[in-house]
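Enquirer: Sharing a structure below in structure tokens format, with a few things to ask.
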Amino acid sequence: MSSSRLGTIAAVLVVGGPALAWFQVVPPIVGFALYALGGLTAVGVGLLSVARALRGRGLATGGVLAIVVAVVFAAVALRRGGAPPIPPTRPRSCTRPGSPRTSAGT
């Protein structure tokens, strides 16, 4: 399968996976899995397309699409969310109901 086709398939998966989950065609975890599969495929095809371009073989449409999707995928994956960090200690709300406390400080 050519990198142009793989790049196009990766872009469709990145957009289509979350869309299918949004419209409740598939469970959310399946939509996320399709998104992740498409994003990782786009990263691989994007790297191969850049290597191909550096060798002077040119870029196909799917290769350019894979590079764009890979950059967006990496930006989304690497940005820090607005959620506060998880504290290193175990909060009381995470203890099992009815379990005895060992000390007043935990």
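Enquirer: Answer with yes or no whether Thr95 is more than 23 Å from the chain's Cα centre (by Cα), modelled with pLDDT under 60 and not hydrophobic (A, V, I, L, M, F, W, C).
Expert: Values: more than 23 Å from the chain's Cα centre (by Cα): yes; modelled with pLDDT under 60: yes; not hydrophobic (A, V, I, L, M, F, W, C): yes.
Spelling it out, Thr95 is indeed more than 23 Å from the chain's Cα centre (by Cα), modelled with pLDDT under 60 and not hydrophobic (A, V, I, L, M, F, W, C).
Enquirer: Within segment 57-92, which residues are part of a loop (DSSP other than H, G, I, E, B) and modelled with pLDDT of 75 or more?
Expert: Arg57, Gly58, Leu59, Ala60, Arg79
The values are calculated or read from the model by the stated rules, or taken from the named source; none is laboratory data. Owing to the predicted nature of the structure, the values given are computational and were not obtained by experimental measurement.
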